[in-house]
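Below is one structure; the comments refer to it alone.
Nothing in this text is a laboratory measurement; each read-out follows from the coordinates by a stated rule. From a predicted model like this one, the values you see are computed outputs, not experimental measurements. Glycine also receives a Cβ, built like all others from the backbone with ideal geometry; neighbour counts cover every protein chain displayed.
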Amino acid sequence: MAFEQIEPYADSDTDPADLMSHVDFQRRGLANVSLTNFTNSSLPSIASGSVVEVNGTLYQAVGDIAPGGSPANGVVYIKLNPTGISPNQTLTADLTATPPTWFDSEQGWYNSGGTARYVDFKMDKSGASYTDKRQFPFKNNEDVTFAADGLINKDIGIKTDNAFIKTKVISIGDWDMDATVFVNIAHGVTVGNIRTVEALIIDDGGTVLTPMTLNDFINPPDGTIQIVSGNVVLTRRTSGFFDDTDYNATSYNRGWVTVEYIA
């Protein structure tokens, strides 16, 4: 099979059918939709001015449209339901926990019956809180393929060389570095899957962040990072930069460990 040319049209055409055919194909799947409250936890509305095509009919939001419905907590979507008879049809918006189905014929996300279109966004609902609002404009709903050997998945990580790379940021917690030489930080990752570990140390004033492995290239490094089963071991050098009263506060988070690993 191959692409077939849509009937062309020209200024001299007297039959508007060719022009209408072009317009119909061009607008198929159109979803110029934006949401309000996108960066906070409030219920989003479909923003005024949004335009969407549903089963061949174009609709425009002439004001902000708040979705109805009360689905269970979890991932929710916004579904657009056509009502009325053309040329006076309207769209109502509802929240739903039912995932959409992709329709190649319509080039968009619809309910399983193909009668109601989904806005290309989803979010996490918890009571009256709506967080992690995100777009899913791609046919497989989760993954974005950038190259043959590279892929991003929101819930897994970044894939490269056939492995997903994930990141954990762990608080160091209490550490009087002036009195205590080392601490163990639980990482919860299989050691063989770890690829990179870094640690940032914050001073008692909370104004200076310094790499654990600070090195002036004259003295030995001021700290070391060792990865063992279950723990990242942070060790400061005796009489070094961190063996100081600027780093002796307790009941204080001493910084963060960042672990990159494959999944």
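Listed values, structure above:
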item	result
Amide H contacts of G255 (H built 1.01 Å from N, under 5 Å, at least 5 apart or other chain)	I172, G173, I202
3J(HN,Hα) from dihedral phi, the stretch 208-224, Karplus parametrisation 6.51/-1.76/1.60, rounded to Hz, x for glycine, proline	10, 9, 10, x, 4, 9, 3, 9, 8, 6, 10, 9, x, x, 6, x, 10
Dipole moment magnitude, nearest 20 debye, the stretch 165-262 about Cα centre, only Lys, Arg, Asp, Glu C-beta charged	580
Lys pairs under 13 Å by Cα in the chain, provided they are eight or more residues apart or on distinct chains	6
Sum of -39500 (n - 2.57) over DSSP H runs of 4+, divided by residues of the chain (222 nm, nearest 500)	-1500 deg cm²/dmol
Cα long-axis angle, helix 17-27 against the chain (0 to 90 degrees, to the nearest 10)	20
Unit charges on C-beta of K, R, D, E only; dipole of the chain, Debye	740
Residues whose placed amide H lies under 5 Å from that of L35, excluding near-sequence neighbours	A47
